Amino acid sequence: MKIRGSKLVVEALVDEGVRFAFGIPGTHNIELYDSIEDTPELTPVLVTHEQSASFMADGLARTSDQIGLVNVVPGAGVSHSLSGVAEAFMDNVPLVVLAGGIRIDTGHAYQLHAIDQIAVLEPVTKATFRVSRPEDIYPTIRRAFQIARRGTPGPVAVEIPSNFYMLIQEVDGIAFEPDPELEVTPDQDLLERAGIMLGEAKQPALYLGWGAAGAAELLVPLAEKLGTPVVTTFQGKGVFPEDHPLFLWNGFGAQAPGFVRSIMKHCDCLLAIGCRFGELATGSYGIEPPARLIHVDINPEVFNRNYRAALSIESDARLFVEKLDAVVGGSRPWETLGGQIRDGHRKVRDRWHKEVSGDRVAPVLLFEALQRHCEADAIYATDSGNGTFLAIEQLRLNGGPGTFIAPVDYSCMGYSVPAAIGAALANPGRDVVALPGDGALLMTGIELLTAANYRAAPLVVVLRDGKLSQIAQFQKIPFNREPCSSLPDYSIEGLAATVGARYFKIIRNHELDSVIPAALDIVREGRPALVEVAIDYSRKTYFTKGVVKTNFWRLPWGDRLRMVVRALARRI
C-alpha cells in the first residue's frame, strides 16, 4: 500500500495507547504534526523548551501506566531534550524519543541540524534505532515501546529521516510481531535459601526501591509476616504506606535520625527488593548493610556493584514476593517494634515543631498543611535541591507508587514544574503539587504557559530563600562561605502574571491554612497557581548532615585537619 511515513508513525503510537506527544514542531517533522492533528486519540503538547518535553513525558510515565513520548526535531531538539532523557535513563523511567532525522534521499552534506544524534543518545538510552526503510517505521516504533517497558524500564530513541515523513511510501502492510514476554521468576533453590535466611534472622528488615512498585499491595503482608521494619530508597517513597507502624524511614545509616539507626543496628538480615544502592539512596554510600544481605532485582547487572550480597536473586519483584510467601514460616510478632517506630517518629516530629520560628515558613508546617488540604492520592513533584530532601523526610505518603516523583540519580534542576504538568495530564482530577526552589523555577517555570494552555495545572509551591540552598549548605559547613550560590532577585509575581497564573504569597506560618485551599481551588478548575513561600532553611536535613559527616570522615587525616582549620579561621 502507499502511505506517508508520518501516518505509519501515528498508527504505531495509537496502537501503543499513546495519548500525549511532547515537543516542538520544526521543518523536519511538520508532516508528523499534521498527521497527529488528524488523530483524536493523540494530543500534541507544545512546550516552551524541549528539555521540558522530556521532563513532562517522565512525569506522565512515573504516575501512570503510560510510556512518555518525546517528539523533537533533529539536532537542537534532541540535544535540548537530552537532560530529561538522561534523567529517565538514570531513574529507570520508560520513554520513547522520536528524534526526527535529516533527509537521506538527496545526497547533500551539511544539512540543517545534521549531527550524529544516535551517538549522542546511545549513552543515555536502553536502545537506539535509525530507520533506513519505510517498511520498518511501524515495527521499529512498536519495538521501541516494548524495550522501554521491559525489564528495567528506560528511554529508547528512534530516528526517522524527514523524507519518510513527507513522501508517499510503498509498504507491504502494517505488522509487528512482539517478542514473547518472558517472566523473570526466582530460582527455587535461591528462593528457599532466602526463606531460611529470613527465618533464622533475629531481626530482618526490608529495603524497597522503585523496582518493588509492581508488588506494592503485597509488601504490607510481607512486612507483617516477617515482622520487619521497612526502609525505602528515595525513588521508592510511596511504595510502602508511610502511615503503617512498620514504616521506618526513606533511607538508613548516617542520613537517618537516631531512632532509625538504632533499630537498623539490630538488623541481621536485609531483604533489598528493586534497588541499586545508588549514591543518593545510600547517603553517599554511608550505609552498612548486614553481612546477610539478600538482593532481589530484575537486572542482574546491579548485583554486588556497591555492596556485596550474601544472596543475589534475579527476579521480577512481584513474582519474588508472591513465591517467597510459600517458603517463609509463620508470622513474627511486630507490635513492640511498631511501637518503637511510632515513638521515634513522634519525637522527630516534635523536634521539628519545637524548631519552628516566626520569621519564615517552617517546612514541617508547610508539608503538613499541603497534606491536610490535598487529597490523599495527591502527587508531589520535587526538584533537585534542598526541597527534595525536606519533602522526603517530612511528607508521609499513603497513596501508593507514583505519588512522589523527583529527579534522583541524575538530579537535574528544573524537573518539578514540567514533570508535574505531565503528571496532571496523565491524572485528571487528582491534586498535583510541584515543589521547585527559586533557582529551579528560573529554569522551567515558564512552562506554566503550557499548563494553562492545556488546562493541566499543578499547584506550584515555590520554596524561596534566594539561594541554591542545598549547595549553599554544603559550602557553608566546610568553607564558612557560599560562593556563587546566591540568586539575583526576581519577581515571582511578575512571572505569574506573564504565564497567566494566579499568584499567592506566604510569609508567615499562620497564612498556610488560608492560602493553600484558595490556591487549590484555582488549580482544580484547570488554571495554574503560583504560591511563593518564604521558606525557612535554617535547619539542615538529616540527609545533608549525614552526607557531610560521611564524606568528612572518608577524607585522609591531613585533608580533614586542613578543612577544619580553614573553616575555623574564617569564622574567627
Residue list for segment 27-52, filter: over 20 Å from Ile137 (Cα atoms) and of a type outside the set (D, E, K, R)
Pro40, Thr43, Val45, Leu46, Val47, Thr48, His49, Gln51, Ser52
Collect the residues in segment 300-347 that are over 21 Å from Leu222 (Cα atoms), part of a loop (DSSP other than H, G, I, E, B) and touching a strand residue (DSSP E or B) at 6+ places or on another chain (Cβ under 8 Å), keeping them in residue-number order.
Phe303, Asn304, Tyr307, Arg308
If we ask which residues in segment 94-104 are part of a loop (DSSP other than H, G, I, E, B) and either not hydrophobic (A, V, I, L, M, F, W, C) or not assigned by TED's automatic domain parsing to the domain that holds Leu69 (or both), their number turns out to be 2
Assuming Gly77 fulfils every condition listed in (1) within 27 Å of the chain's Cα centre (by Cα); (2) without any contact (Cβ under 8 Å) to a residue 40 or more places away in the chain apart from one, which condition is it?
(2)
Of the residues in segment 539-559, those that are within 22 Å of the chain's Cα centre (by Cα) and more than 16 Å from Thr282 (Cα to Cα) come to none
What tally of residues in segment 448-474 results from selecting those that are buried (at least 18 other Cβ atoms within 10 Å of the Cβ), in contact with a Ser or Thr (Cβ under 6 Å, 6 or more places away or on another chain) and either modelled with pLDDT of 90 or more or not in a strand (DSSP E or B) (or both)?
3
Candidates Gly429, Gly437, Gly466, Gly445, filtered to the one that is touching a residue at least 12 places away in the same chain (Cβ under 8 Å) and more than 20 Å from Phe389 (Cβ to Cβ)
Gly445
Within segment 16-26, how many residues turn out to be buried (at least 21 other Cβ atoms within 10 Å of the Cβ) and among the small types (Gly, Ala, Ser)?
2
Sole exception among (1) without any contact (Cβ under 8 Å) to a residue 24 or more places away in the chain; (2) farther than 30 Å from Tyr454 by Cα; (3) among the small types (Gly, Ala, Ser) for Gly546, by number:
(1)
Considering only segment 374-388, state which residues are modelled with pLDDT of 95 or more and surrounded by 24 or more Cβ atoms within 10 Å (Cβ to Cβ).
Ile379, Tyr380, Ala381, Thr382, Asp383
Per the filter on segment 154-183, residues crowded, with 17+ Cβ neighbours inside 10 Å and part of a loop (DSSP other than H, G, I, E, B) are Gly154, Val171, Ile174
Kindly indicate whether Val433 is closer than 24 Å to Phe240 by Cα and not in a strand (DSSP E or B).
no
So is Leu82 in a strand (DSSP E or B), free of Cβ contacts under 8 Å to residues at least 60 places away in the same chain, more than 16 Å from Ile405 (Cβ to Cβ) and within 20 Å of the chain's Cα centre (by Cα) or not?
no
Enumeration of residues in segment 270-310 that are among the aromatic types (Phe, Trp, Tyr), surrounded by fewer than 20 Cβ atoms within 10 Å (Cβ to Cβ) and without any contact (Cβ under 8 Å) to a residue 40 or more places away in the chain:
Phe303, Tyr307
Considering only residues of segment 125-153 that are in a loop (DSSP other than H, G, I, E, B) and among the basic types (Lys, Arg), which is surrounded by the most Cβ atoms within 10 Å (Cβ to Cβ)?
Lys126
Within the bounds of segment 105-124, is there any residue that is part of a strand (DSSP E or B) and buried (at least 21 other Cβ atoms within 10 Å of the Cβ)?
no
Among Pro517, Pro528, the single one that is surrounded by 14 or more Cβ atoms within 10 Å (Cβ to Cβ), touching a residue at least 60 places away in the same chain (Cβ under 8 Å), in the same structural domain as Ala434 (by TED's automatic domain parsing) and under 27 Å from the mean Cα position of the chain (by Cα) is Pro528
Sort out which residues of segment 16-40 are in a helix (DSSP H, G or I), in contact (Cβ under 8 Å) with a residue 12 or more places away in the chain and of a type in the set (Asp, Glu), and write them in order of number.
Glu31, Asp34
Output yes when any residue across segment 112-119 is among the β-branched types (Val, Ile, Thr), over 15 Å from Thr27 (Cβ atoms) and without any contact (Cβ under 8 Å) to a residue 60 or more places away in the chain, and no when none is.
yes
Out of Asn29, Asn71, report the one residue that is at pLDDT below 95, buried (at least 24 other Cβ atoms within 10 Å of the Cβ), closer than 24 Å to Ala451 by Cα and more than 15 Å from the chain's Cα centre (by Cα).
Asn29
Can you tell me which of Ala212, Ala216, Ala205, Ala254 is touching a Pro at 6+ places or on another chain (Cβ under 8 Å) and in a helix (DSSP H, G or I)?
Ala216
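Each row is one residue, and each column tells you yes or no for (1) part of a loop (DSSP other than H, G, I, E, B); (2) among the aromatic types (Phe, Trp, Tyr).
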position	(1), (2)
Tyr490	yes, yes
Glu493	no, no
Ala496	no, no
Leu512	no, no
Glu532	no, no
Ser538	yes, no
Phe543	no, yes
I'd like to know if segment 475-491 contains one or more residues that are among the basic types (Lys, Arg) and modelled with pLDDT of 90 or more.
no
From (1) closer than 24 Å to Val220 by Cα; (2) in contact with a strand residue (DSSP E or B) (Cβ under 6 Å, 6 or more places away or on another chain); (3) of a type in the set (Val, Ile, Thr), pick out the condition that doesn't hold for Thr140.
(1)
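The values are calculated or read from the model by the stated rules, or taken from the named source; none is laboratory data. Remember, it's a predicted structure, so these values are computed and weren't measured experimentally. For neighbour counting, all protein chains shown are included, and Cβ atoms are generated from backbone atoms with ideal geometry for every residue, glycine included.
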